[in-house]
Amino acid sequence: MELIDRVFSIHSDESFEKTALEVFNFQYQHNSIYRSFVNSIGKSNPITLEEIPFLPIGFFKTHSVISCDSENVELTFLSSGTTDSTRSKHLIHSASIYEKSFEATYRKYIGNPEEQVILGLLPNYIEQGSSSLVYMVDKLIQLSQSKLSGFMLKDLENVLSIYNKALSSGKKVVIFGVSYALLDLAEKGTDLSHALIIETGGMKGRRAELTKEELHQELMFGLKVPYVSSEYGMTELLSQAYSNKDGYFTQPAWMKILIRDTNDPLSYVSDGKTGGINVIDLANIYSCSFIATQDLGKIVDNKFQLLGRFDNSDIRGCNLMIE
């Protein structure tokens, strides 16, 4: 069985750790940037997950982080940002791996696209281009096979009309939205009480930053929804986690969150304690699967909660606001 097939066949903690160590060895051999980083801290022979070195996410801004020949790149995703020079770059060897990852996760946690009308309120991501989020939502829109599904830029007044048509046809409505666009809808008092709202973060300088709790409270009140979901994803990852009513995130079997000590990045804190989020995303097999993010969080009952960002990190579309 190919290594990527084993990634998507993980069924236990034991199989996750075994596969993760195999992915580490593959990336140590084929990813020169990661290999140099690993060698610099002298951790080239890990035997547990906790011993695997995590590449600081900032490397995606300054280097081509790739575990294959550069000519074998199908796509390049760029993060949202103010200038091209500060945008993270993720070189994608295989678009099909990304599609397999996000489709399986979406079906497990959100539902079957064929039974839904899916709307994308992501104007800034579309305007800047090369967005992994737009790519994902576009593919989900195609899978929905509904003429009502699509992206909304500035015609927010049409959202309610499409929503009502979708309900009349017996379809569930799912709306992916950047924070400021969803707040625009909420302030209009748009009743979307039967829709699932998935906020993807980001005021993009259009509004004052809110804590996630404040944001969700305003959206719940204005849109008349019982709760608001969130998507935890980023340019540097090919997998996502979703939050539900309790606000905690769950992730697919090939993705795992570890919480590092903020004062000692090579050690970890116990469950329930706050620290820096390290992500293992084994779908990232052809870039780097072990990433130390600039996000803060904690693990509770095998789920994780987002608590903000490190003070010196960029505020860009990673679905977080300081709490």
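Each reported figure results from applying straightforward, stated rules to the coordinates on display, with no laboratory input. What you are looking at is a predicted structure, and each value in this text was computed from that prediction instead of being measured. Here Cβ is always computed from backbone atoms with ideal geometry, including for glycine, and neighbour counts include all displayed protein chains.
What the table shows:
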{"read-out": "Which listed pairs, of 108/147; 224/298; 89/172; 147/303; 171/303, have C-alpha distances above 32 Å, in listed order", "value": "89/172; 147/303"}
{"read-out": "Spatial separation of Cα centroids for region 54-110 and region 243-295, in angstrom", "value": "17 Å"}
{"read-out": "Antiparallel bridges, percent of DSSP beta bridges restricted to the chain (to nearest 5)", "value": "60 percent"}
{"read-out": "Backbone HN-Hα couplings from phi across region 24-35 [Karplus 6.51/-1.76/1.60, Hz, Gly and Pro as x]", "value": "4, 4, 5, 6, 4, 6, 10, 10, 5, 5, 5, 4"}
{"read-out": "Virtual paramagnetic centre 7 Å along Cα→Cβ of residue 69, amide N under 11 Å, in region 1-26", "value": "none"}
{"read-out": "Cross-link reach list, aspartates and glutamates versus residue 245, counting only Cα pairs under 20 Å and skipping chain neighbours closer than eight places", "value": "191, 199, 213, 214, 218, 231, 301, 323"}
{"read-out": "Neighbour net charge for residue 93 - beta-carbon separation under 11 angstrom, K R +1, D E -1", "value": "-3"}
{"read-out": "Distant-in-sequence amide H partners of residue 244 (H built 1.01 Å from N, under 5 Å)", "value": "none"}
{"read-out": "Added length on full extension, which subtracts the Cα-Cα distance from 0.36 nm per residue, residue 214 to residue 45", "value": "56.4 nm"}
